[in-house]
Amino acid sequence: MLTRRSLLASAALTVLLATGAQAQDPLKVVASFSILGDLVHQIGGEHVALTTLVPADGDAHVFQPTPNDAQSVAAAQLVFVNGLDFEGWMDRLIEASGYKGPVVVASQGVDPIPFEGDEEEEGHGHAHGEHAEEGHGHAHGEHAEEGHGHAHEDHADEGHDHHGVDPHAWQSVPNAEIYVKNIAAALEQADPANAAAYKANAEAYEAKLKALDAEIRSAVAAFPEDHRTVVTSHDAFGYFAKTYGLNFVAPEGISTESEASAQDVAKLIDQIRAEHIPAVFMENVTDPRLLEQIASETGAKIGGTVYSDALSGPEGPAATYIDMMKNNIAMFSAALK
Ligand SMILES: [Zn+2]
C-alpha cells in the first residue's frame with residue numbers, strides 16, 4: 001500500500017536526486033502536545049514526520065497516554081517536550097516505550113515563573129497562592145500513588161519542598177522564540193543533511209513571531225490602565241501577564257488536575273465584584289460550567305474562548321500557534337478596550 005508518508009518520501013527523493021543530495025526518509029519526531037507540535041512543524045516542514053501526543057483541544061495536565069502513544073514514542077528518532085513539569089506522564093511513557101533517543105526540552109532557557117512564594121508581589125490574588133499550594137501537594141501525591149517509574153517517586157519526594165514553576169511558558173512570544181531556537185538546534189543535530197532548511201525555516205518563522213509580539217504589545221497598549229484584569233479557568237496566562245502587562249485571575253491553579261474549592265470560587269467572586277472585572281473567558285481545554293456560574297453570579301460577561309494549553313482543530317480559530325495568540329488577543333481586546 002502506498003501511504004501518504006511514502007508519497008511524501010518519494011516526492012522528497014525526486015527533489016533530493018535532482019539536487020544531488022542523498023535521499024532519506026523524513027525524521028520521525030514526537031511532540032508532546034499540539035502547540036509544541038505546530039512549532040516543530042513550522043521548523044521541520046516536510047523533512048519531519050510528526051506525531052503529536054495530546055491532540056487539539058486536549059488537556060495535557062490530565063492526559064493519559066495509550067499503547068498507541070507508546071508505539072509512536074518507541075518509533076521516534078527525536079522527542080520534544082515542553083518541560084517545566086507540564087507533562088507529568090512523559091517520563092513513564094518514555095520508560096514504558098523503551099525509547100532511548102534524545103528528549104528535547106523546548107522551554108530550556110526561558111526564565112521560569114515560580115508559582116509559590118511571590119504571588120503577592122506579582123499582583124495575583126491571595127486565592128491564587130493558596131490554591132497553588134493545595135494543587136501542588138495533591139497533584140504530586142496522586143503521581144506518587146500511581147507512579148511505577150523511579151522518576152515520579154523521586155519527583156514526589158522533592159515535591160513538598162521545592163517551589164514549582166508555571167509550565168505555560170509558550171504564552172509569551174519571546175519564549176516561543178526560545179522554543180524555536182531549541183527545536184531548530186535539535187533538528188539540525190539529528191538530521192544534519194537538512195540543517196540548512198531547518199535554519200532557514202527558523203529564521204523565517206522568528207520574523208513572524210517578532211511581528212506577532214509587536215502586534216500583541218500594541219493591542220495591550222490600547223487597553224485602559226485600570227481595565228486590564230480578566231478571568232480564565234486556570235492560571236495558564238502567567239507568562240502572558242508578565243510579558244504583556246495584563247492581569248489574570250482564575251478559580252483553578254496552574255494545573256487543571258485539582259478542582260477549585262468552594263472557598264476559592266467565593267473569593268474570586270468577591271474579587272470580580274470589588275475590582276469590577278469585566279469579563280471571564282472560557283478555555284478550550286476546560287469545562288465551561290464553573291465559569292458560566294461565576295459569570296452569572298457576578299454579572300461579568302463571557303468574553304469568548306481562549307486557547308491556553310492546546311490548539312483548536314484545523315477548522316477552528318487557533319489551528320496554529322500564531323493564530324492561537326491572535327485569537328486570544330482579539331478576545332481580550334474585545335472585552336477590555
Ligand atoms: Zn495549563
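Here are the numbers for this structure:
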item: Whole-number percent relative contact order across segment 224-336, with pairs defined as alpha carbons under 8 Å at least 6 apart; result: 23 percent
item: Too-long pairs where the Cα-Cα distance tops 30 Å, listed order kept, from Lys208/Lys267; Lys100/Lys326; Lys100/Lys208; Lys210/Lys301; Lys100/Lys242; Lys267/Lys301; result: Lys208/Lys267; Lys100/Lys326; Lys100/Lys208; Lys210/Lys301; Lys100/Lys242
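Taken together, the values in this text are just the output of simple stated rules run on the coordinates, not laboratory data. Keep in mind that what you see is a predicted model, and the values were worked out from it rather than measured.
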